[in-house]
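The values are calculated or read from the model by the stated rules, or taken from the named source; none is laboratory data. No experiment lies behind these values; they were computed from the predicted model shown. Backbone-built Cβ (ideal geometry, glycine too); neighbour counts: all protein chains shown.
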(Lines give C-alpha, C1' and ligand atoms only; values in the text may rest on other atoms or scores of the structure.)
Protein backbone atom coordinates (compact mmCIF):
# COMPACT_ATOMS: atom_id res chain seq x y z
CA UNK A 1 0.00 0.00 0.00
CA UNK A 2 2.88 2.36 0.73
CA UNK A 3 4.17 1.89 -2.81
CA UNK A 4 0.81 2.82 -4.30
CA UNK A 5 0.62 6.04 -2.26
CA UNK A 6 4.20 6.90 -3.22
CA UNK A 7 3.40 6.22 -6.89
CA UNK A 8 0.31 8.44 -6.76
CA UNK A 9 2.40 11.15 -5.12
CA UNK A 10 4.95 10.95 -7.96
CA UNK A 11 2.16 11.13 -10.54
CA UNK A 12 0.87 14.35 -8.98
CA UNK A 13 4.42 15.70 -8.90
CA UNK A 14 4.59 15.48 -12.69
CA UNK A 15 0.95 16.26 -13.39
CA UNK A 16 0.44 17.92 -16.75
CA UNK A 17 -2.17 20.66 -16.57
CA UNK A 18 -1.90 21.83 -20.18
CA UNK A 19 -0.44 20.22 -23.29
CA UNK A 20 0.05 20.98 -26.98
CA UNK A 21 1.46 18.71 -29.65
CA UNK A 22 3.09 19.98 -32.86
CA UNK A 23 3.84 17.48 -35.60
CA UNK A 24 6.85 18.39 -37.69
CA UNK A 25 7.01 16.03 -40.64
CA UNK A 26 7.30 12.28 -40.61
CA UNK A 27 9.81 11.87 -37.82
CA UNK A 28 9.58 14.78 -35.37
CA UNK A 29 6.94 15.83 -32.89
CA UNK A 30 7.20 18.64 -30.35
CA UNK A 31 5.33 18.61 -27.06
CA UNK A 32 4.68 21.72 -24.96
CA UNK A 33 3.50 20.79 -21.47
CA UNK A 34 2.72 22.83 -18.37
CA UNK A 35 3.40 20.79 -15.25
CA UNK A 36 2.58 21.32 -11.60
CA UNK A 37 5.15 20.92 -8.83
CA UNK A 38 4.52 19.59 -5.33
CA UNK A 39 4.48 23.19 -4.09
CA UNK A 40 1.67 24.05 -6.53
CA UNK A 41 4.02 25.98 -8.80
CA UNK A 42 4.22 25.55 -12.58
CA UNK A 43 6.93 25.03 -15.18
CA UNK A 44 7.02 24.24 -18.89
CA UNK A 45 8.63 21.26 -20.58
CA UNK A 46 9.51 21.38 -24.26
CA UNK A 47 10.07 17.91 -25.68
CA UNK A 48 11.32 16.96 -29.11
CA UNK A 49 10.49 13.37 -29.97
CA UNK A 50 12.17 11.89 -33.04
CA UNK A 51 11.12 8.51 -34.39
CA UNK A 52 13.96 6.12 -35.20
CA UNK A 53 12.90 4.02 -38.17
CA UNK A 54 15.53 1.33 -37.58
CA UNK A 55 14.04 -0.04 -34.36
CA UNK A 56 10.70 1.77 -34.23
CA UNK A 57 11.67 3.57 -31.03
CA UNK A 58 11.86 7.24 -30.17
CA UNK A 59 14.63 9.56 -29.11
CA UNK A 60 13.53 12.37 -26.80
CA UNK A 61 15.16 15.63 -25.80
CA UNK A 62 13.61 17.76 -23.10
CA UNK A 63 14.01 21.36 -21.92
CA UNK A 64 12.63 22.50 -18.59
CA UNK A 65 11.60 26.15 -18.56
CA UNK A 66 10.86 27.85 -15.25
CA UNK A 67 8.68 30.95 -14.74
CA UNK A 68 11.61 33.22 -13.92
CA UNK A 69 12.98 32.55 -17.42
CA UNK A 70 9.74 32.79 -19.44
CA UNK A 71 10.13 36.39 -20.61
CA UNK A 72 13.83 36.18 -21.52
CA UNK A 73 13.33 32.84 -23.26
CA UNK A 74 10.35 34.10 -25.27
CA UNK A 75 12.11 37.36 -26.18
CA UNK A 76 15.25 35.53 -27.33
CA UNK A 77 13.29 32.93 -29.28
CA UNK A 78 11.25 35.64 -31.04
CA UNK A 79 14.38 37.67 -31.79
CA UNK A 80 16.10 34.61 -33.26
CA UNK A 81 13.12 33.67 -35.43
CA UNK A 82 12.68 37.26 -36.60
CA UNK A 83 16.38 37.40 -37.56
CA UNK A 84 16.03 34.33 -39.76
CA UNK A 85 12.75 35.52 -41.29
CA UNK A 86 13.75 39.15 -41.87
CA UNK A 87 17.52 39.10 -42.35
CA UNK A 88 18.61 35.66 -43.53
CA UNK A 89 15.60 34.41 -45.53
CA UNK A 90 13.20 37.31 -46.14
CA UNK A 91 11.82 35.90 -49.41
CA UNK A 92 10.97 32.46 -48.06
CA UNK A 93 7.28 31.50 -47.80
CA UNK A 94 6.96 30.53 -44.11
CA UNK A 95 3.25 29.81 -44.52
CA UNK A 96 3.98 26.98 -46.95
CA UNK A 97 4.14 24.39 -44.19
CA UNK A 98 1.00 25.70 -42.50
CA UNK A 99 -0.89 25.25 -45.80
CA UNK A 100 0.55 21.76 -46.23
CA UNK A 101 -0.49 20.83 -42.69
CA UNK A 102 -4.02 22.14 -43.25
CA UNK A 103 -4.29 20.20 -46.53
CA UNK A 104 -2.99 17.05 -44.85
CA UNK A 105 -5.48 17.35 -41.97
CA UNK A 106 -8.38 18.04 -44.36
CA UNK A 107 -7.44 14.99 -46.44
CA UNK A 108 -7.25 12.78 -43.32
CA UNK A 109 -10.61 14.08 -42.11
CA UNK A 110 -12.22 13.38 -45.50
CA UNK A 111 -10.74 9.87 -45.53
CA UNK A 112 -12.03 9.23 -42.01
CA UNK A 113 -15.52 10.42 -42.97
CA UNK A 114 -15.43 8.24 -46.06
CA UNK A 115 -14.42 5.21 -43.98
CA UNK A 116 -17.22 5.84 -41.49
CA UNK A 117 -19.84 6.06 -44.26
CA UNK A 118 -18.68 2.89 -46.03
CA UNK A 119 -20.29 -0.48 -45.23
CA UNK A 120 -18.10 -2.93 -43.32
CA UNK A 121 -17.94 -5.31 -46.29
CA UNK A 122 -16.45 -2.62 -48.53
CA UNK A 123 -13.90 -1.77 -45.83
CA UNK A 124 -12.78 -5.40 -45.76
CA UNK A 125 -12.35 -5.35 -49.53
CA UNK A 126 -10.40 -2.09 -49.39
CA UNK A 127 -8.12 -3.54 -46.72
CA UNK A 128 -7.56 -6.69 -48.77
CA UNK A 129 -6.81 -4.65 -51.92
CA UNK A 130 -4.36 -2.47 -50.00
CA UNK A 131 -2.57 -5.54 -48.70
CA UNK A 132 -2.51 -7.19 -52.13
CA UNK A 133 -1.19 -4.15 -53.98
CA UNK A 134 1.31 -3.35 -51.27
CA UNK A 135 0.37 0.33 -51.09
CA UNK A 136 1.69 1.76 -47.86
CA UNK A 137 -0.65 3.36 -45.36
CA UNK A 138 0.96 5.74 -42.85
CA UNK A 139 2.07 3.90 -39.73
CA UNK A 140 0.99 6.76 -37.51
CA UNK A 141 -0.28 10.31 -37.59
CA UNK A 142 3.35 11.46 -37.68
CA UNK A 143 3.67 10.09 -41.21
CA UNK A 144 2.75 13.19 -43.15
CA UNK A 145 2.98 13.40 -46.88
CA UNK A 146 5.71 15.97 -47.08
> Can you find a residue in segment 60-67 that is modelled with pLDDT of 90 or more and in contact with a helix residue (DSSP H, G or I) (Cβ under 7 Å, 6 or more places away or on another chain)?
Replying inline: yes
> Only one of (1) assigned to a strand (DSSP E or B); (2) farther than 25 Å from residue 104 by Cα; (3) at pLDDT below 95 fails for residue 7. Which number is that?
Replying inline: (1)
> From the list 20, 51, 27, which one is exposed (fewer than 10 other Cβ atoms within 10 Å of the Cβ) and either at negative phi or modelled with pLDDT under 90 (or both)?
Replying inline: 20
